[in-house]
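To start, the structure under review is shown below, and the notes come after it.
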Number of protein chains: 2
Amino acid sequence: METQESIIHDKRKCPTHLSAGECTKALLPVQDALDILHGKWKLQIILSLTFGKKRFKQILREIPGLTPKMLSKELKELEINELALRNVFDTLPVTVEYELTAYGKTLQPLIQELHKWGAKHRKKIIGRSKK
Amino acid sequence: METQESIIHDKRKCPTHLSAGECTKALLPVQDALDILHGKWKLQIILSLTFGKKRFKQILREIPGLTPKMLSKELKELEINELALRNVFDTLPVTVEYELTAYGKTLQPLIQELHKWGAKHRKKIIGRSKK
DNA sequence: GATACTAGTTTCCAAATGTATACCGATATA
DNA sequence: TATATCGGTATACATTTGGAAACTAGTATC
């Protein structure tokens, strides 16, 4: 078992924080993770799929305001990142089922962490002034 | 000590995933956390401040491509969320120092988690095909 | 023949976001 | 007097994002 590399607060590794240096590069994976979860619909779609396989129209009906264009786009992104799987059945009319992959389910602990921090933040900030 | 509430995968709590139900509401804190870290510059600015107090122009010089307008906007957001503090000194010309608050530093473990997942994702997906 | 169902795509448009550039007042330096 | 410094702001523009609506093919139903 290797120790988790600390990417911030390590002054021995990044004492002067040079602009184009190693430290900025270390942020790329963080950005990746953020990008994957970012957007108005991503989380809701992922959440919907955690409760089982879903068909296209079914997801559309579940999430109010979601348009087919956006759903199509978001599902493609999930597919590209191997977080969701697309299964086509040649019924009439055609049936398409989406499901989270095992890999997609590894997002869960991360979402939990975001939830934990976000919930505290709601209590601290939003609860008292914002909006 | 109370047990952390599970927001997904709990079929007893959210068996049918009704559209406007409690489950969607549970995603709001997650969105909050994502929003705070989102953007091209936020992480870089936070990272910069983890290495100590910084002045406006200093941050600008450190992060290539960053414009004063964006930096100003991002710093204001950090301030509003009480993640960063703005200190004005009446020197000539005026000196303004920004620093992470203790609360701002609580983001660190979250960023670590994002980094952990993102690094694995890089190896799995980006390393072999994307971009 | 008109309508509805499936899973999307296409087109157009509005709003949000981000960038480039110039500028501000006050002061110190060359 | 010209220039540079500080911490920003103002304006104009380009790019990105997202939404509304109509439309596709193939078949089944009314």
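Only the coordinates and a few stated rules stand behind these numbers; no lab work does. None of the values given here were measured: they were computed from a predicted structure. All Cβ positions, even for glycine, are placed from backbone atoms using ideal geometry, and neighbour counts span all protein chains on display.
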Hey, for B:Lys25 with labels 7 Å out along Cα-Cβ, what do the inter-copy distances come to in nm, ordered shortest first?
4.7
FRET efficiency for B:Lys123 and A:Leu60, Cβ-Cβ distance as r, R0 = 25 Å, nearest 0.05?
0.15
Too long for a 31 Å Cα-Cα cut-off, among B:Lys25/B:Lys57; A:Lys105/B:Lys25; A:Lys73/B:Lys53, are B:Lys25/B:Lys57; A:Lys73/B:Lys53
Looking along the axis that carries chain A onto chain B, the residue of A whose Cβ comes nearest, with distance in whole Å, is A:Glu113, 2
Residues whose modelled amide H sits under 5 Å from the amide H of B:Arg55, counting only those 5 or more places away in sequence or on another chain, are B:Tyr98
Please state, to two decimals, what the Cα-based radius of gyration of segment A:53-131 comes to when divided by 2.2 N^0.38 Å (N = residues).
1.46
Which distances, in nm and shortest first, link the B:Thr91 label point to the same label point in every other copy, taking 7 Å along Cα→Cβ?
7.1
Search the structure for amide H atoms under 5 Å from the amide H of B:Ala84, placed 1.01 Å from N in the peptide plane, and list their residues when 5 or more places away or on another chain.
B:Glu79, B:Thr101
